[in-house]
Ligand code: HEC
């Protein structure tokens, strides 16, 4: 229990620091990213959004992954598909106008831990709203669904 509290505190702190940093540097990532440089060590996915190290080790509660993913699919349809597309490919109608575009979740989840995906869903970034109003179980269900997309 106390470990979870410490972890939650660390995440909050990290968020506060990131928010502070974001105020000073609006749109620093829009055009400056060096595309085309092929580093063999970095994942091929287009995302430049990195979750903090502490997020890596967050673990989903034990339970039936298939059931969790099925619940996540329903939630995804109501809360996420407008941007990410009904199958998570990043091609939803609302997402079309966004810059950067909503991430293709069928490829981006491969190289990330469940904790990192959970953290990103929780925090949100730019046009993507955070999901702190959803229960943790709901967010883990979404993670399970997203992970099932790249299997
Ligand atoms: C208003 C549009 C919008 C909605 C709604 C939205 N997203 Fe996103 N999402 C985005 C955008 C845009 C990005 C890319 C953010 C960036 O990298 O700057 C993103 C990124 C992500 C990522 C990170 C992918 C990666 O590997 O970096 C995940 C995971 C994700 N969204 C899941 C969700 C889930 C789950 C929901 C529903 C609860 C959701 N999104 C709702 C627009 C949206």
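All of the numbers you see were taken from the coordinates with simple rules; none came from a lab. Source: prediction; values computed, not measured. Ideal geometry is used to build each Cβ from the backbone, glycine not excepted, and the neighbour counts take in all protein chains shown.
Filter segment 96-121 down to residues that are farther than 11 Å from residue 147 by Cα, within 12 Å of the chain's Cα centre (by Cα) and not in a helix (DSSP H, G or I) and give me whichever is farthest from the ligand (Cβ to nearest atom).
For segment 96-121, the residue satisfying everything is 104.
Let's see how each residue does on (1) in contact with a helix residue (DSSP H, G or I) (Cβ under 9 Å, 6 or more places away or on another chain); (2) more than 19 Å from residue 50 (Cα to Cα); (3) surrounded by fewer than 20 Cβ atoms within 10 Å (Cβ to Cβ):
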site: 84; (1), (2), (3): yes, no, no
site: 89; (1), (2), (3): yes, yes, yes
site: 98; (1), (2), (3): yes, yes, yes
site: 109; (1), (2), (3): yes, no, no
site: 128; (1), (2), (3): yes, no, yes
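What tally of residues in segment 122-134 results from selecting those that are at positive phi and under 9 Å from the mean Cα position of the chain (by Cα)?
1
Say we look at segment 61-95 and pick out the residues that are outside any helix (DSSP H, G or I) and within 11 Å of the ligand (Cβ to nearest atom); which of these is nearest to residue 132 (Cα to Cα)?
80
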